[in-house]
Amino acid sequence: ANLVLLGPPGAGKGTQARMLEDAFGLVQLSTGDLLRAAVSAGTEAGQQAKAVMEAGDLVSDEIVIAILRDRLAEPDCAQGVILDGFPRTTVQAEALDGLMADLGAGIRAAISLEVDDAAMVTRISGRYTCAGCGEGYHDTFKTPAVEGTCDKCGGTEMIRRADDNAETVESRLRAYHAQTAPLIDYYDGKGVLVRVDAMAEIGTVAQELNTIVKQAT
Ligand code: AP5
Ligand code: ZN
C-alpha cells in the first residue's frame, strides 16, 4: 500500500516513517532527505534548493515533483511507499495522484499527525541524527542507550540540521499552515484521511499507526 504522512515540521513524520518501514517493509520517501542529498551532492536542483531550505520556505513544486517522480520509478518502491513530507502543496498532491495513476496504484491512507505549534519548536531544537544510518534522536525525548552512540549502527558521529533553528522553524510553520494544511481537506474529500494525536509519546503514536497501516495493507 502507498501512504502519505502529513504533519507540520517536528510532528514526527520521519520518526514514524522509519518505524513503519521496519515493521511493514514499506519504503520511506522523504522529500526533505532527497533534497538534502541533492544539496550535498551539489546537483543543479540542490543548488537551487539550498537557500530556500535554509530560509524555511518551500522548494518549488517543479523541483520537488521531479525528484519524487525519479525516486518513485525505482523498483524498490513497488513494495509500497510511505511519503514523508510530500505532498506539501495542492499542486504536488495533484501531481502525486497522476504519478500513482500511471503506476496503477493509489494512496490508501493519508495520515495527519496533529501537534501543537509550541511542541514543534521543542522537538525540532532538540533533534539530532546519526550520520552513519540516519536514525533520528532527541536530547530529551529519544536518547540512545549509550550516550553519543547510535543504537542502530553503533556510529558515533551525530549531526544537527542547518534549518533546525528558532527563526527557520517559524518560517517552516508558516509555510505549513499556509500551503500544506489545506491538504487535510483534500484527502478528507477523497475519503482516505486519518487523524492521529501526535502529542502522545513516540511509542503510543507508533502503536496507533501500526493499527492504521495494518488495516490499509
Ligand atoms: P523536511 O525534511 O520534510 O522537514 P519538516 O517537514 O520540517 O519535518 P521534520 O523533518 O522537521 O520533522 P518530522 O515531522 O519528520 O519530525 P521528526 O520525526 O524528525 O523538509 C525540510 C525542508 O525541505 C522544508 O522546509 C522545505 O524547504 C524542503 N521540502 C521538503 N519537502 C518538500 C516538498 N514536498 N515541497 C517543497 N519543499 C520541500 O521528529 C522531530 C523530533 O521530535 C525528533 O528529535 C524526534 O525524536 C522527536 N519526536 C518525534 N515524535 C515525538 C513524540 N511523539 N514525542 C516527543 N518527541 C518526538
Ligand atoms: Zn546509526
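The values are calculated or read from the model by the stated rules, or taken from the named source; none is laboratory data. These numbers come from a predicted model, not from an experiment. With ideal geometry, Cβ positions are generated from the backbone for all residues, glycine too; neighbour counts draw on all protein chains shown.
Considering (1) free of Cβ contacts under 8 Å to residues at least 12 places away in the same chain; (2) in contact with a strand residue (DSSP E or B) (Cβ under 9 Å, 6 or more places away or on another chain); (3) closer than 23 Å to residue 80 by Cα; (4) not aliphatic (A, V, I, L, M), the lone condition that residue 156 does not fulfil carries the number (3). Among residues of segment 37-53 that are more than 12 Å from residue 67 (Cα to Cα), those with a beta-carbon under 7 Å from a residue that is within 11 Å of ligand 1 (Cβ to nearest atom) and modelled with pLDDT under 95 at least six positions away or on a different chain give the pairs 53/163.
From the list 14, 56, 10, pick out the single residue that is within 16 Å of ligand 2 (Cβ to nearest atom) and in contact (Cβ under 8 Å) with a residue 12 or more places away in the chain.
Within the list 14, 56, 10, the selection yields 14.
Considering segment 57-79, and only residues there that are small (Gly, Ala, Ser) and at pLDDT 95 or above, the residue that is nearest to ligand 1 (Cβ to nearest atom) turns out to be 60. When residue 104 is tested against (1) part of a helix (DSSP H, G or I); (2) free of Cβ contacts under 8 Å to residues at least 12 places away in the same chain, just one condition goes unmet, and that condition is (1).
Please give the strands (runs of 3 or more DSSP E) falling wholly within segment 115-198 in which 1 or more residues are of a type in the set (Val, Ile, Thr).
Values: elements: 127-130, 136-138, 193-197.
Result: 127-130, 193-197.
Contact annotation: no residue pair with Cβ atoms under 9 Å, 6 or more positions apart or on different chains, pairs a residue in segment 187-204 that is over 17 Å from residue 87 (Cα atoms) with a partner that is within 16 Å of ligand 2 (Cβ to nearest atom) and in a loop (DSSP other than H, G, I, E, B).
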